[in-house]
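First the structure, in the form of structure tokens, and then the observations on it.
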Amino acid sequence: RLDHILERTRVVLNLRFFDGEEEWKMTRFLKPLANEVVVVSEISGSDEERSAWQDAIMFVDTARLADACWWLLQHPHERRARAARAREIFVARRSTEMLRAPVTDLVRHSCPHANLTK
């Protein structure tokens, strides 16, 4: 059912649940990227996550979310090109690479004395 909905979707908007929340919910955008749908997201997650996905996810200040979505809707050629590039990035990234930064952050915050250099 979700795949059918994504076939008709032009833009997916990723919003944080709580104001000030920094956790980035990766599972929210994987299915849209796999289906060549552009994802516009509030700025969240770690610097490493944003850096790794900056060419796939359009990270935007909260105040500019509507403008970003409107621009993408008004420029279908650019939107489709960005969606295709996002899918390429999604396919090229291995799950272990995608999870390395979030799991490392989790361990750092949960176990501050853990040796993560090994």
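Per residue, the accessible area of the chain comes to 68 Å², computed with a 1.4 Å probe over protein heavy atoms only. Compared with the dominant Cα axis of the chain, that is its longest principal axis, helix 95-110 is turned about 50°. Helical content alone sets the calculated 222 nm signal of the chain at -16500 deg cm²/dmol, taking -39,500 (n - 2.57) per DSSP H segment of four or more residues and averaging over every residue. Cα-based Rg of the chain per 2.2 N^0.38 Å, rounded to two decimals? In units of the 2.2 N^0.38 Å rule of thumb, it is 1.14. When you restrict to C-alpha pairs under 8 Å that are six or more residues apart and normalise by the size of the chain, the relative contact order lands at 24 percent.
Against the main long axis of the alpha-carbon atoms of the chain, helix 65-74 sits at an angle near 40°.
Across q = 0.14, 0.17, 0.18, 0.27 Å⁻¹, region 19-84 modelled as identical point scatterers on its alpha-carbon atoms has Debye log10 I(q)/I(0) values of -0.41, -0.60, -0.68, -1.33, in the order of the q list. Across the accessible surface of the chain, with the other protein chains kept in place and a 1.4 Å probe, carbon and sulfur atoms take up 53 percent.
The values are calculated or read from the model by the stated rules, or taken from the named source; none is laboratory data. The shown structure was predicted, so the numbers you read here are calculated from the model rather than taken from an experiment. Accessible surface is based on the protein model in full, side chains and every heavy atom, while ligands, DNA and RNA are left aside. Shrake-Rupley method; radii C 1.70, N 1.55, O 1.52, S 1.80 Å.
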